[in-house]
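The values are calculated or read from the model by the stated rules, or taken from the named source; none is laboratory data. Since we're looking at a predicted model, the values are computed, not measured. A quick note on method: Cβ atoms are made from the backbone with ideal geometry, for glycine too, and the neighbour counts reach across all protein chains shown. Quick note on the areas: whole protein, heavy atoms, side chains included, nothing else; ligands and nucleic acids left out. Shrake-Rupley method; radii C 1.70, N 1.55, O 1.52, S 1.80 Å.
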Amino acid sequence: ADSKDKCLKSPGCRWFEVREPCERCEAWHGDLKNVTGCRDWNPYNYCRDQIVFDLLNKSQAANASGPRSAEFVDVVQHFQITQGRGSVGGPWQKGWSCDVWCDSVGCEGQARVNNTLKGLNYGGRLVPEKYLGLNGTDEYLFQEAGKFVDARELSLCDISAKDAGQRMARFLDENIKREHFETMAQGGFDTLRLPLGYWNLIDIEGTPDGPPDSKARWSNLQGFMKAKDYKKWIDKVFDFAKASGLRVLMDLHSAPGGQSGNQCTGCDQGPTNAIFFFGESEKNINDAVQAVKVMAEICAEKGDTCYGIELLNEPHNADRDAKHSDDIIKDLASCKMTDKPCRGLNFMFTDAQLANIEGLISDFVLSTVSNKATSPIVQTKYRTFLRDFYVKAIKVARTHLDEDKPIIIMDWPGWLDWWQHHGNFPYKDFGRIVLSTHVYEFWATSSLQDAKNTLQRSLDTLRNFSLKTDYD
């Protein structure tokens, strides 16, 4: 293709160009026709090899300046890449700029996606988690609360004190402060994520559907105060954010019944995250849709200060790859030893597979150490269920949000490819849909290189996904 417009309509092609003016670009790199135009190149390899590496090896001036210098970085950032979106991405084009990454070891070129966010999580406020240790956590909020039998952690739903509402109000007053937002802005951040539980947004009839012991604990979540009473602190977050020039991403951190059994849902359900009950009934799904609707109403009310809404945080089953199945093996072993209903396993495996959990565990273990072993198949039923929920939630949210306001679907790196091929959220029907993921490890590493090695698989997954997806 001889033009940018034609190039972006050609599958697999990207447009490579130099943003003018840039006097040093040609002086340092030579004939720019060799590194521009319509190509099928990988942007990450392009920036690393054809731009940064070549500059350092072909130009004495560039080498003398050095990759850490402002003038070298400026030259590199003039090399840009654009990719078309297809039906999914709507009117925006996907773009990268070349950049330089330096650490204590050295420097290399990298492609940086344009229009990135620099954000952080303003967590543990409206969905307190004990391990975060915010002001008042042990002193009064969780005081005298007892951990549920088989639960791994003491969690919010274990608080049943008569003064629970007063404790929560004090906790929110002490942990949502104007100076937090000023500090975030001074640190160069532009967006914060605000986790919310369904009980912060809606008052539901009774409790979510699930086992009696879980229903009793969920009633504690709803017992702190009415949903309308939390609006005072949600408004504070938006007011403080606006005053500091920040935007807020509202996140449904907990769905009715729990999207996993983790304490981040407000209620640790037991020895494994596979114990959860979001899919227990239509009531749970409909209540979750109503919670998303309220988020959308608040987001619309807050205008540009609201970046968008995230439909659900960290659904169960972080990995599909049998070669990296430690968490799946732990789920299977824990569910074998408990009498609690492991609904997550029913989403992941067939009844025939679950009839022989010991054999299933053995198959997983063998598949991690032998390429000849047959890997067990992890079903995609939970993601299909989540997609049906997301379709309903997005349709409701779009009655309040315009088509360009981002609605975020979060999932783990191992599932992003599934969403690319099966999500089917075209812009014309759903507006701007953004995919989000989480990459982290909780144990310390001894060096930057150790951290890179630990996270390399997830980072490679994200890099490969970013090259072929039409979504942000």
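Does any residue in the range 385-407 that is open to solvent by 50 Å² or more (accessible area, probe 1.4 Å) come within less than 7 Å, Cβ to Cβ, of a residue that is assigned to a helix (DSSP H, G or I) six or more places away or on a different chain, and which pairs are these?
Lys392/Val289; His400/Ala296; His400/Glu297; His400/Ala300
What about Phe224, is it among the aromatic types (Phe, Trp, Tyr), at pLDDT 95 or above and closer than 24 Å to Pro341 by Cα? Before the answer, list the steps.
Working: among the aromatic types (Phe, Trp, Tyr): yes; at pLDDT 95 or above: yes; closer than 24 Å to Pro341 by Cα: no.
No, not satisfied.
Hey, Thr207 hits all of (1) surrounded by 23 or more Cβ atoms within 10 Å (Cβ to Cβ); (2) not in a helix (DSSP H, G or I) but one; which does it fall short on?
That leaves (1) as the condition not met.
Report every pair of residues separated by at least 6 positions or lying on different chains whose Cβ atoms are under 9 Å apart, first residue within the range 287-306 and more than 23 Å from Asp190 (Cα to Cα) and modelled with pLDDT of 95 or more, second of a type in the set (Val, Ile, Thr) and in a helix (DSSP H, G or I).
Val289/Val396; Gln290/Val396; Val292/Ile394; Val292/Val396; Lys293/Val396
Six or more apart or on different chains, Cβ under 7 Å: which pairs go from a residue in the range 451-466 that's more than 28 Å from Gly84 (Cα to Cα) to one that's open to solvent by 50 Å² or more (accessible area, probe 1.4 Å) and of a type in the set (S, T, N, Q)? Could you list them?
Note: pairs meeting the criteria are Ala451/Thr445; Thr454/Thr445.
In the range 329-344, what count of residues is obtained for those that are under 29 Å from the mean Cα position of the chain (by Cα) and either open to solvent by 80 Å² or more (accessible area, probe 1.4 Å) or more than 24 Å from Val369 (Cβ to Cβ) (or both)?
First, pick out the residues of the range 329-344 that are under 29 Å from the mean Cα position of the chain (by Cα): 329-335, 340-344.
Imposing the further condition that a residue be either open to solvent by 80 Å² or more (accessible area, probe 1.4 Å) or more than 24 Å from Val369 (Cβ to Cβ) (or both) reduces the set to 330, 340-344.
Looking only at that region, the number is 6.
What are the residue pairs meeting all of these: first residue in the range 63-82, first residue in contact (Cβ under 8 Å) with a residue 24 or more places away in the chain and within 15 Å of Glu108 (Cα to Cα), second residue open to solvent by 30 Å² or more (accessible area, probe 1.4 Å) and of a type in the set (A, V, I, L, M, F, W, C), Cβ atoms under 8 Å, and 6 or more apart or on different chains?
Matching pairs, first to second residue: Pro67/Leu56; Pro67/Val73; Pro67/Cys102; Pro67/Cys107; Arg68/Cys102; Arg68/Cys107.
Could you look through the range 116-175, keep only residues that are of a type in the set (Asp, Glu) and more than 29 Å from Thr191 (Cβ to Cβ), and pick out the one that is surrounded by the fewest Cβ atoms within 10 Å (Cβ to Cβ)?
Just the residues of the range 116-175 that are of a type in the set (Asp, Glu), to begin with: 129, 138-139, 144, 150, 153, 158, 163, 173-174.
Checking which are more than 29 Å from Thr191 (Cβ to Cβ) leaves us with 138-139, 144, 150, 158, 163.
Numbers: Asp138: 11, Glu139: 12, Glu144: 8, Asp150: 17, Asp158: 20, Asp163: 11.
Applying the filter and picking the extreme gives Glu144.
Any chance you could count how many residues in the range 428-451 are out of contact with any strand residue (DSSP E or B) (no Cβ under 8 Å at 6 or more places or on another chain) and open to solvent by 40 Å² or more (accessible area, probe 1.4 Å)?
Initially, the range 428-451 is screened for residues out of contact with any strand residue (DSSP E or B) (no Cβ under 8 Å at 6 or more places or on another chain), giving 428-429, 439-451.
Adding the requirement that they be open to solvent by 40 Å² or more (accessible area, probe 1.4 Å) leaves 428-429, 439-450.
Residues meeting the conditions: 14.
Take the residues in the range 210-265 that are closer than 23 Å to Pro315 by Cβ and basic (Lys, Arg), then tell me which one is most open to solvent (accessible area, probe 1.4 Å).
Going through the qualifying residues, I end up with Lys215.
Only one of these conditions is not met by Val52: (1) outside any helix (DSSP H, G or I); (2) in contact with a Gly (Cβ under 9 Å, 6 or more places away or on another chain). Which number is it?
(1)
Can you say whether Gly12 is under 29 Å from Ile407 (Cα atoms), in contact with an Asp or Glu (Cβ under 6 Å, 6 or more places away or on another chain) and part of a loop (DSSP other than H, G, I, E, B), as far as the supplied structure shows? Working first, answer last.
Values: under 29 Å from Ile407 (Cα atoms): yes; in contact with an Asp or Glu (Cβ under 6 Å, 6 or more places away or on another chain): yes; part of a loop (DSSP other than H, G, I, E, B): yes.
Criteria met by Gly12.
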